Each structure stands twice: as structure tokens, then as C-alpha cells.
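Below you'll find the structure, written out as C-alpha cells, and then a few comments.
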Amino acid sequence: MISINNLSVQFSGESLFDHVSFIINDKDRIGLVGKNGAGKSTLLKIIKGLQKADEGDVILPDGHSVGYLPQEMATESDRTVLEETMNAFGEVVQLEGIIAGFEKLIGEREDYESESYHKLIRKHSDALDRYHLIGGQGIHVNIEKVLLGLGFEREEFARKMATFSSGWQRRVEIAKILLQQHDVNVILLDEPTNHLDIDSIQWLEEFLESYKGAVVLVSHDRAFLDNVTKRSIEISQGKIYDYKANYSEYVLMREERMESQLATHNNQQRQIRQIERFVERFRSKATKAKQVQSRIKLLEKIDLVEVDLVDESGIRFRFPPAPHSGKIILEGINLSKDYPQKRVLNGLNFSVIKNDRIAFVGKNGEGKTTLSKVITGLVDYTGELKFGHNVVIGYYAQNQSDYLDPEKTVFKTIDDIAVGDIRTRIKGILGGFLFSGDDIEKKVKVLSGGEKSRLSLAKLLLTPANLLILDEPTNHLDMRSKDVLKSALLQYNGTLLIVSHDRDFLQGLTNRVFEFRRGAFKEYIGDIYDFLEQRRIQSLKELESAQRNVGVSGEGDQVSQNKINWEKRKENEKEIRKVKTQIVKCESEIERLEAEMKIKEAMLGTPEKYQKQIQDGSLYKEYEELKISLEREMKRWEELNYELEIMEG
């Protein structure tokens with residue numbers, strides 16, 4: 001258990017934290033939430049001990065250690081992936097070297113009866129005992145499991161770290177933290193899903209679910225937060241608000257809290273105004289002096305209720321109407337792309353129809369960005385690519401900094417490509433993307449990653465397009481900005497190709513999914529969750545097919561049979577856990593609805609107190625809505641329990 005006591009931090013004259021306190025319990029799953037700049041990353045650094053607070057302290061029990069993944073990191077290593085990952089086990093590596101040295105010496109000795117020889121044997125035995133005690137014999141298996149789970153191929157274990165992108169190097173840092181799970185009591189993760197594909201994100205969710213210690217994380221991935229966390233700590237205006245809920249539940253509870261807070265504030269202000277009017281009216285009357293003084297003292301004792309200001313600073317925009325185009329947007333015929341050491345796209349044949357909305361998914365490096373660049377004409381290819389009538393492309397690149405002139409100002413970046421009457425509205429457009437005042441004169445080179453992303457989105461609005469190609473558009477965007485972008489895309493009336501690993505963002509946004517793998521892609525109909533479900537069913541069918549084939553071959557491959565049974569059982573157990581979690585949430589919601597209905601029933605039973613709400617029908621309406629919601633949740637509970645019965649046999 002880690003205790004954070006009366007923590008205070010000042011930054012630029014303002015309080016990031018104002019005497020905040022909370023406890024991290026041994027098996028907590030905590031999501032730190034709050035707007036950008038609220039202090040989430042700072043709090044993680046303070047808990048890790050990398051930054052000092054102005055006041056207060058962090059109490060870590062004896063024997064407790066903390067693992068930490070920063071949001072940004074510079075990795076400079078001349079090791080291979082395997083060597084760098086092994087670096088997480090300093091004592092194991094040291095012992096392996098010592099044991100190898102002892103074994104070499106033992107092999108060279110022939111004085112088997114001497115005291116020095118027996119002493120060498122004892123040292124070798126002691127080193128082996130220590131090696132086995134700390135689990136050294138299983139470390140290589142665990143390393144392979146974690147690296148494969150995070151998306152590495154076995155043949156990549158021997159590649160030098162320097163040959164990988166920063167995103168892949170970051171995966172090695174994640175692996176090092178996860179592999180120390182038996183030695184680390186708390187894992188602090190700052191944006192762990194950055195640069196991870198959907199498969200790796202889901203694997204990380206499962207790993208953290210079984211982790212024995214506590215997890216505290218910062219993330220803008222709503223689905224990841226919902227699946228991992230069970231507690232949300234909001235940082236707002238120097239204070240913290242602690243919710244026993246995942247992110248989506250926290251959002252609803254926060255709205256209720258702010259509504260209650262505002263109502264209490266308004267009632268208090270009304271009471272204060274009444275007292276002030278009384279004091280002002282009777283201040284000069286001697287007969288009322290005692291009452292006036294009594295009310296003045298009452299005013300002084302009132303503890304003012306502060307209302308958290310709602311952050312309205314999210315971006316706001318809509319895409320311009322798409323120009324008319326033909327029914328066929330584009331066709332790829334035997335389309336391929338080779339790089340010096342790898343064929344990324346291999347003989348693709350596909351078509352994109354008007355108003356298609358297609359998600360490109362798959363592991364990093366499988367060709368999603370490459371195909372996007374092929375379509376936009378940024379890289380060459382072999383094969384044929386045919387465009388339909390009047391196709392106009394709007395492109396948002398993953399590496400936006402490469403497509404912005406660092407020496408231009410924000411205003412100049414937009415002004416140089418704006419035409420017609422749009423030029424008179426540049427400041428308004430930039431204001432919609434949170435650039436105002438002196439911000440529009442900032443040079444691009446001093447902008448943060450989030451600011452560059454917003455500026456690039458602003459550029460997309462200047463030229464109406466009927467084919468939008470967006471490569472990781474949610475990188476660096478906060479929750480609210482992602483919601484605004486998704487809303488704008490849902491209203492967009494053109495064709496959309498989008499590369500993203502954000503499941504919540506993709507949900508309901510696309511009607512087709514292209515999964516890239518080994519130079520080709522497989523098409524699935526539906527949105528991202530339809531794709532994940534279809535792929536899960538397909539995996540189970542493949543396991544069953546393999547099981548039948550093993551059965552035909554007789555007893556020749558019992559090991560494969562056992563492996564198939566184990567994998568199938570593991571997949572079934574995972575699905576059972578998910579359904580049980582849904583049942584618990586459903587039961588919690590039923591209890592909440594029943595409690596609210598009892599309150600409404602009590603109000604209906606005392607009409608003299610709630611005459612207005614009964615007469616205008618609002619109380620009956622609220623009661624009926626609760627009743628419908630309860631019936632819906634009861635039906636869902638029955639369906640989930642029936643599903644669980646089937647899964648458990």
C-alpha cells in the first residue's frame with residue numbers, strides 16, 4: 001500500500017496539486033484522468049521519485065518497488081532486443097555469467113580431491129541455488145512470451161535496438177517492466193498504448209488483468225481504460241476526485257457530481273444573497289442590531305461551495321461537403337510495393353466504392369501506412385491503381401511534422417493554402433482548433449505534438465475532399481477532441497480510409513475492415529468489434545479443425561492435441577471471465593436503478609412535498625424511464641446468465 005499525503009505542487013504560479021491525499025492499495029487498477037496539463041504525468045513522476053513535491057510526501061512500505069514507463073523516452077542501446085530485455089534481470093544475467101565461469105574452471109581442473117576443487121564446486125552449487133531461487137530458469141521462456149505478445153517476431157530478437165523505430169523500442173521498455181512483475185509492487189504507465197497495435201493492446205490488457213500488484217496508468221484510449229481500470233482518480237484544478245469506477249462509469253458519475261455541486265452552489269448563493277439583503281436593509285436600525293450581527297457572523301462561518309469549471313476548450317469543426325464523384329472511387333489490381341529488405345504489399349486486388357468507410361488494422365509494419373501513401377501518390381509501386389471520376393483526396397499523415405514547414409507560423413501555414421473567401425475566415429478556423437491570440441504567430445517548430453495534430457486537421461478543412469485518408473489521426477488528441485473528430489467523421493458524406501488502433505474511436509465509424517498481414521489483407525464486413533468477434537470465432541474454428549485432424553491421425557501427435565485443448569480451454573475461460581464481469585456490472589446497475597425507483601416511489605407517496613413535479617408530469621416520466629431501464633437491464637442479466645450457463649457446459 002502506497003500513501004500519498006498532502007501533496008502540493010506549484011507550476012507557473014498555479015497549483016497543480018493543492019494538499020491532495022489518496023492511497024494506492026495492493027491490487028488497485030487506477031486510471032488517472034483529467035484534461036491535458038492537469039498534472040497526471042507529474043503525479044506519476046512524483047510517485048516514482050523522479051520529481052519532488054513542494055509539500056507532502058509519498059510513503060512507500062519497506063520492500064516495495066515501483067516500475068515506471070514514461071510518456072516520452074530516448075532509448076540509446078547498442079544491444080539486441082533480447083539483450084536489452086534481459087537487462088531487466090541484472091542479477092540473473094550476472095549469475096549466468098558467474099555460473100558459466102565456474103563451469104569453465106571446473107572443466108579445466110583435474111585435482112578432483114583437492115580442497116580448492118571442492119570449494120569451487122560449493123561456489124558453483126551456491127550460485128545455482130540462488131539462480132533457481134529467483135526463477136532464473138524460467139526467465140527466457142517469460143521473455144519470449146512477453147516479446148511475442150507485444151508484437152515481435154522470434155527472428156527479430158537478435159536484431160539491434162537501433163534498427164527499430166522509437167515505437168518498437170518503447171515496446172521493449174514495456175516488456176522490461178512487465179517481466180519484473182514478481183519484483184515490482186506497483187506499475188506506473190504513462191500512455192502505454194502509444195504505438196501499439198490492437199493485438200498488442202489486447203494482450204497487454206490480459207497481462208495486466210493477471211498482474212498481482214497495483215497498476216496506475218494514464219491513457220487516452222477509452223476502451224483500454226475501461227478494460228483495465230476499476231478506479232478513476234480525476235485531477236481537476238489542484239484537487240482530486242476518487243471514483244470506484246472505470247472511465248465510462250466515471251464520466252457519468254462526474255456529470256452527476258457536477259450537477260449536484262452546481263445545485264448546492266446555487267442554493268448557497270441564494271441563501272447568501274438573502275442574508276446580505278437583510279443586513280443591508282436593517283444595518284442602520286438599532287432594534288435589529290442583534291439580528292444583523294447574528295447574520296454577519298453566519299456569513300463569516302459559511303464554507304463556500306466551489307464549482308469545478310467545465311473545460312469547454314475542445315476543438316470544434318465539421319468537414320466541408322464532399323464534391324460529387326463516381327460510384328467507383330478506386331481499384332487496385334495486382335498492386336505491390338517492395339522495400340530493399342521486405343515486400344510490404346504483395347499483389348493486392350481490391351476496390352473502394354463511393355461512401356465506403358474502411359478501417360486499416362493489423363500489426364505495425366504490415367503495410368497499412370504504405371498502402372495509404374501509395375493511394376496518395378507519395379510512394380511508387382508496381383501493378384495498377386485506377387481512380388474513379390473526380391476523386392479528390394484529403395490526407396492526414398501519421399508523421400505530421402514531416403508535412404509541416406517548421407519555420408512557418410501557425411497562421412502562415414493555413415494562409416498559404418487558403419483560397420477565396422476562406423482567407424477571411426482563417427482566424428475563425430484556427431480558433432476552432434484552439435489557436436487564438438498570440439498562438440497563431442507561433443512557429444510550427446515550437447508546437448507540441450497535440451498542437452501539430454490540430455493544425456494538420458485544420459489544413460484538411462481548406463480543400464473539400466471526397467476521399468479522406470487518415471493515418472492515426474487520434475495520436476496526441478485528448479478524449480474530448482477525439483469525440484469531436486469522430487462526430488465530424490460520422491457526419492462526413494464522402495469516402496473514408498482510416499488507419500487506427502483505437503477501438504473506441506473506430507466503433508461504429510466503419511463498414512469494412514481490412515486486416516493487413518504478411519503483404520496481403522483480409523476483408524471483414526462491419527466495424528472494429530464485428531471484426532474482432534469474427535476473428536475470435538474464426539480462431540476457435542481453426543482450433544477445432546486442427547483438433548479433428550489430430551483425431552484422424554490417431555495417437556501420433558498427443559502433444560499437439562494437448563496444446564489445442566489447452567488453447568481452446570484458455571480461450572473459453574477468458575470469455576467466461578468477460579461474461580462474469582458483465583454480469584457483475586449488470587447487477588450493480590440493477591441495484592442502482594431499484595434504489596432510484598424507491599426514491600421516486602417515496603416522492604410519489606408524499607404528493608404534498610412534490611406537488612409541482614407531479615402536476616407537470618416530470619416525476620412520472622422519470623419513474624417510467626427508470627422502470628424501462630430496469631426491465632432492459634433485467635432482460636440483459638437473464639441473457640448473460642443464459643450465455644454463461646452454455647459456456648460452462
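The values are calculated or read from the model by the stated rules, or taken from the named source; none is laboratory data. Since the structure is predicted, the reported quantities are computational estimates derived from the model, not experimental observations. Please note: Cβ atoms are built from the backbone with ideal geometry, for glycine as well, and neighbour counts cover all protein chains shown.
Do any helices (runs of 4 or more DSSP H) lying entirely in segment 435-548 carry at least 3 residues that are of a type in the set (D, E) and more than 30 Å from L404 (Cβ to Cβ), and which ones are they? Hits in segment 435-548: none. Residues in segment 375-386 that are under 22 Å from L489 (Cβ atoms) and buried (at least 17 other Cβ atoms within 10 Å of the Cβ): I375 only.
When A458 is tested against (1) closer than 28 Å to G365 by Cβ; (2) touching a residue at least 24 places away in the same chain (Cβ under 8 Å); (3) in contact with a helix residue (DSSP H, G or I) (Cβ under 8 Å, 6 or more places away or on another chain), just one condition goes unmet, and that condition is (1).
Residues in segment 480-504 that are under 20 Å from L455 (Cβ atoms) and of a type outside the set (G, A, S): 10 in all.
Of the residues examined, Y211 is one that is out of contact with any helix residue (DSSP H, G or I) (no Cβ under 7 Å at 6 or more places or on another chain) and closer than 30 Å to V172 by Cα. Give segment 468-485 a look and list any residue that's over 16 Å from the mean Cα position of the chain (by Cα) and over 17 Å from F514 (Cα atoms), or say none. Result: V484, L485. In this structure, T409 qualifies as in contact with a strand residue (DSSP E or B) (Cβ under 8 Å, 6 or more places away or on another chain) and either of a type in the set (K, R) or surrounded by 12 or more Cβ atoms within 10 Å (Cβ to Cβ) (or both). Of the residues making up segment 42-83, those that are of a type in the set (V, I, T), buried (at least 16 other Cβ atoms within 10 Å of the Cβ) and not in a helix (DSSP H, G or I) are V58, V66, T80. Restricting segment 170-210 to residues that are among the hydroxyl-bearing types (S, T, Y) and touching a Leu at 6+ places or on another chain (Cβ under 8 Å), the residue that is nearest to E571 (Cα to Cα) is S200. Would you please name the residue that is farthest from I201 (Cα to Cα), looking only at residues in segment 243-277 that are of a type in the set (D, E, K, R) and loosely packed, with under 14 Cβ neighbours inside 10 Å? Of everything passing the filter in segment 243-277, R277 is farthest from I201 (Cα to Cα). In segment 464-478, is there at least one residue being in contact with a helix residue (DSSP H, G or I) (Cβ under 6 Å, 6 or more places away or on another chain), polar (S, T, N, Q) and touching a residue at least 24 places away in the same chain (Cβ under 8 Å)? The answer is yes; a qualifying residue exists. Of all the listed residues (K104, K160, K123), the sole one being within 30 Å of G362 (Cβ to Cβ) and out of contact with any Lys or Arg (no Cβ under 6 Å at 6 or more places or on another chain) is K160.
Among the residues here, L32 qualifies as within 30 Å of S165 (Cβ to Cβ), surrounded by 17 or more Cβ atoms within 10 Å (Cβ to Cβ), of a type in the set (A, V, I, L, M, F, W, C) and modelled with pLDDT of 90 or more.
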